[in-house]
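The values are calculated or read from the model by the stated rules, or taken from the named source; none is laboratory data. Just so it is clear, the structure is predicted and the values come from calculations on it, not from any experiment. Don't worry about glycine lacking a Cβ; one is built from the backbone with ideal geometry, like all the others, and counts go over all protein chains shown. We work out accessible area using only protein heavy atoms, side chains counted, and drop any ligands, DNA or RNA first. Shrake-Rupley method; radii C 1.70, N 1.55, O 1.52, S 1.80 Å.
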Amino acid sequence: MAVFVLNKHRQPLMPCSEKRARLLLERGRAVVHKRYPFTLRLKDRVGGDTQALRLGIDPGSKTTGLALMRDTADGQRHVLCLFDLNHRGFQIKKALAQRAAFRRRRRSANLRYRAPRFNNRTRPQGWLAPSLQHRVDTVMAWVRRLSTLAPITALSQELVCFDTQKLKNPELSSVEYQQGALLGYEVREYLLEKWGRECAYCGTGDTPLEVEHVVPRSRGGSNRVSNLVIACHDCNSAKSSQPLTDFFATDKGLRKRLKVNGHTADTRLDRVQRQLKQPLRDASAVNVTRWVLFNALKATGLPVSVSSGGRTKYNRLRLGIPKTHALDAACVGAFDTLHDWQVTTLTIKAMGRGSYQRTRLTKHGFPRGYLMRQKQVHGFQTGDMVKAIVPTGKTVGSYTGRVAVRKTGRFNIQTEQGAVQGISHKYCTVIQRGDGYGYHLTPSINLTGGAGQAVA
Ligand SMILES: [Zn+2]
């Protein structure tokens, strides 16, 4: 992974290689500006030439992939840095639901009267649930943060599952459906969305799905999307060239699978026939969070280009690139070849900044214990990255990681190898102050030799 470089006045220069970073540090020409992501600041350099960099974004519900890359005019794309940003939307949702439940108990329990507080507020326009707003906010925080570390001049976002421009009036137009071509992936994503990412016949999810002709080509079926469904392998091969009604009436395997998934053959057949004629409603294809993110990205003033999930998948499979969130972000948009994608990924985990509430509760909402008033202990705070060198005792050794402070002055440190407990504050030094995120490096899948080793 490339190392970020700033000039003397803290303005971003081109990221450099790890080898060059090591040399700059050894010769005393640079100082470490930031550990995560690793950033150097040159002591002498004032100006400096920069090239245009692009930040690719693949938004996901649990993890958003970010890729810093350089596009050249002839369609070559060079990957510089990869990031996986892990969101905490599910924790936020859980915490809010729990708080609501505790309040509800206090209203019904034999306590003083409390007015209900759930239906008396209006929501401003464009309101997003806190768990979803958090995804937008953290992605934007990292777009801004990376813009201060590298000369980013353009953004690329995966906005939609499939390209509506390419599939204009998809139900009516005859697309030459071809496995492996760009249009093929757009059609596939469209069908996945239309049939709810499960087998159109038996309703099985969690299985590889194949594109299927309802009226087979051999019986004069067309290539129109209205004649295509998405089906599991069992259904696809069992149906073969039968008409739809015969397949539902006779196939034993299908009946068994329908039963497992809680459907009856008649209602399911009815649903398939009805849905075949209906085009995918626009609303169901729109992911609100992605659009909010898109508008937020546009507000940065940088040019934002958008592309479809179909194209990302086409690029990834065409170039034989493994599926990770960060590499998906590197495959967003149009380009010919991808270079240097075998770099370490920095996983950034949103951890929050602790709780405002000082009382810890049991699952029934009764007090279990109390947090201390102040957050700092001996100058350390939970979330700081520390290095501890313990000279003697049971925990002798050197540890680097995220610290959890205790009032006693004996801290817990979360290292890459696991947690160590009871480390005295006397042995700890801060290497980076807590910023609400936890970090660790994930080596590349096809790592060869010493490439991708972290400096630090
Ligand atoms: Zn099936």
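Considering only the range 222-236, state which residues are in a helix (DSSP H, G or I) and at pLDDT 90 or above. Can you show your working first?
Initial filter on the range 222-236 (in a helix (DSSP H, G or I)): 225-227, 233-236.
Passing the criteria: 233, 234, 235, 236.
Restricting to the range 388-405, count the residues that are touching a Ser or Thr at 6+ places or on another chain (Cβ under 9 Å) and either open to solvent by 70 Å² or more (accessible area, probe 1.4 Å) or not in a loop (DSSP other than H, G, I, E, B) (or both).
Selection size over the range 388-405: 9.
Filtering the range 213-265 down to residues that are touching a strand residue (DSSP E or B) at 6+ places or on another chain (Cβ under 9 Å) and of a type in the set (A, V, I, L, M), which residue is nearest to the ligand (Cβ to nearest atom)?
Here the answer is 231.
List every residue pair whose Cβ atoms lie under 6 Å apart, where the two residues are 6 or more positions apart in sequence or sit on different chains, the first residue falls within the range 325-342 and is open to solvent by 10 Å² or more (accessible area, probe 1.4 Å), and the second residue, located anywhere, is of a type in the set (Ser, Thr, Tyr) and in a loop (DSSP other than H, G, I, E, B).
Correct list of pairs: 342/444.
Any chance you could count how many residues in the range 352-371 are touching a residue at least 60 places away in the same chain (Cβ under 8 Å) and among the small types (Gly, Ala, Ser)?
Summing the residues that are touching a residue at least 60 places away in the same chain (Cβ under 8 Å) and among the small types (Gly, Ala, Ser) in the range 352-371 gives 2.
Can you give me the ranges of the strands (runs of 3 or more DSSP E) entirely in the range 272-387 with at least 2 residues that are more than 30 Å from residue 402 (Cβ to Cβ)?
On the way: elements: 304-308, 337-339, 345-350, 359-361, 367-370.
In the range 272-387, the matching strands (runs of 3 or more DSSP E) lie at 304-308, 337-339.
Listed residues 50, 39, 63, 72; which is under 21 Å from the mean Cα position of the chain (by Cα) and of a type in the set (S, T, N, Q)?
Values: 50 fails: under 21 Å from the mean Cα position of the chain (by Cα); 39 fails: under 21 Å from the mean Cα position of the chain (by Cα); 72 fails: under 21 Å from the mean Cα position of the chain (by Cα).
Criteria check complete, one pass: 63.
Need pairs with beta-carbon distance below 7 Å; first residue more than 18 Å from residue 189 (Cα to Cα) and within the range 216-238, second assigned to a helix (DSSP H, G or I) and more than 10 Å from the ligand (Cβ to nearest atom); sequence gap 6+ or separate chains.
Matching pairs, first to second residue: 221/227.
Applying the selection to the range 216-246, what residues are open to solvent by less than 20 Å² (accessible area, probe 1.4 Å) and either touching a Phe, Trp or Tyr at 6+ places or on another chain (Cβ under 6 Å) or of a type in the set (Val, Ile, Thr) (or both)?
Of everything in the range 216-246, those that are open to solvent by less than 20 Å² (accessible area, probe 1.4 Å) and either touching a Phe, Trp or Tyr at 6+ places or on another chain (Cβ under 6 Å) or of a type in the set (Val, Ile, Thr) (or both) turn out to be 223, 225, 229, 230, 231, 235, 239.
Right, residue 135: modelled with pLDDT of 80 or more, touching a Ser or Thr at 6+ places or on another chain (Cβ under 7 Å) and either part of a loop (DSSP other than H, G, I, E, B) or surrounded by 11 or more Cβ atoms within 10 Å (Cβ to Cβ) (or both) or not? Write out each step before concluding.
Numbers: modelled with pLDDT of 80 or more: yes; touching a Ser or Thr at 6+ places or on another chain (Cβ under 7 Å): yes; either part of a loop (DSSP other than H, G, I, E, B) or surrounded by 11 or more Cβ atoms within 10 Å (Cβ to Cβ) (or both): yes.
In short, yes.
Being modelled with pLDDT under 85 and assigned to a loop (DSSP other than H, G, I, E, B) is the filter; apply it to the range 81-114 and report the residue that is surrounded by the most Cβ atoms within 10 Å (Cβ to Cβ).
Ranking the candidates gives 114 first.
Could you give me the residue pairs with C-beta distances under 8 Å whose first residue belongs to the range 199-210 and is more than 17 Å from residue 245 (Cα to Cα), whose second residue is near the ligand (Cβ under 6 Å from one of its atoms) and part of a loop (DSSP other than H, G, I, E, B) wherever it lies, and which are 6+ apart or on separate chains?
Close Cβ pairs satisfying both conditions: 205/199; 207/199; 209/199.
Okay, residues lined up against (1) of a type in the set (Gly, Ala, Ser); (2) modelled with pLDDT of 95 or more; (3) touching a helix residue (DSSP H, G or I) at 6+ places or on another chain (Cβ under 9 Å):
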site: 258; (1), (2), (3): no, no, yes
site: 284; (1), (2), (3): yes, no, yes
site: 291; (1), (2), (3): no, no, no
site: 319; (1), (2), (3): no, no, no
site: 323; (1), (2), (3): no, no, yes
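Given (1) at pLDDT 95 or above; (2) touching a His at 6+ places or on another chain (Cβ under 6 Å), where does residue 56 come up short, assuming only one miss?
(2)
For the range 49-76, which residues satisfy the criterion of being over 14 Å from residue 155 (Cα atoms), touching a residue at least 60 places away in the same chain (Cβ under 8 Å) and either out of contact with any Pro (no Cβ under 8 Å at 6 or more places or on another chain) or β-branched (Val, Ile, Thr) (or both)? Lay out the reasoning, then the answer.
So the first thing to find is which residues in the range 49-76 are over 14 Å from residue 155 (Cα atoms), and the list is 49-51, 60-64, 72-76.
Retained after the next criterion (residues that are touching a residue at least 60 places away in the same chain (Cβ under 8 Å)): 50-51, 60-61, 63-64, 74-76.
Passing the criteria: 50, 60, 61, 63, 64, 74, 75, 76.
May I ask you to list the residues in the range 34-59 that are over 19 Å from residue 78 (Cβ atoms) and touching a helix residue (DSSP H, G or I) at 6+ places or on another chain (Cβ under 9 Å)?
Of everything in the range 34-59, those that are over 19 Å from residue 78 (Cβ atoms) and touching a helix residue (DSSP H, G or I) at 6+ places or on another chain (Cβ under 9 Å) turn out to be 34, 39, 40, 42, 59.
Would you confirm whether any residue within the range 13-36 is assigned to a strand (DSSP E or B), of a type in the set (A, V, I, L, M) and open to solvent by 60 Å² or more (accessible area, probe 1.4 Å)? Explain how you work it out, then say what you get.
We begin by selecting, within the range 13-36, every residue assigned to a strand (DSSP E or B); these are 16, 30-34.
If we keep only those that are of a type in the set (A, V, I, L, M) as well, we get 30-32.
With open to solvent by 60 Å² or more (accessible area, probe 1.4 Å) added as a condition, the list becomes 32.
Yes, because at least one residue in the range 13-36 is assigned to a strand (DSSP E or B), of a type in the set (A, V, I, L, M) and open to solvent by 60 Å² or more (accessible area, probe 1.4 Å).
Applying the selection to the range 254-283, what residues are under 13 Å from residue 200 (Cα atoms) and in contact with a Phe, Trp or Tyr (Cβ under 9 Å, 6 or more places away or on another chain)?
Selection gives 254, 257, 258, 265, 268, 269, 272, 275.
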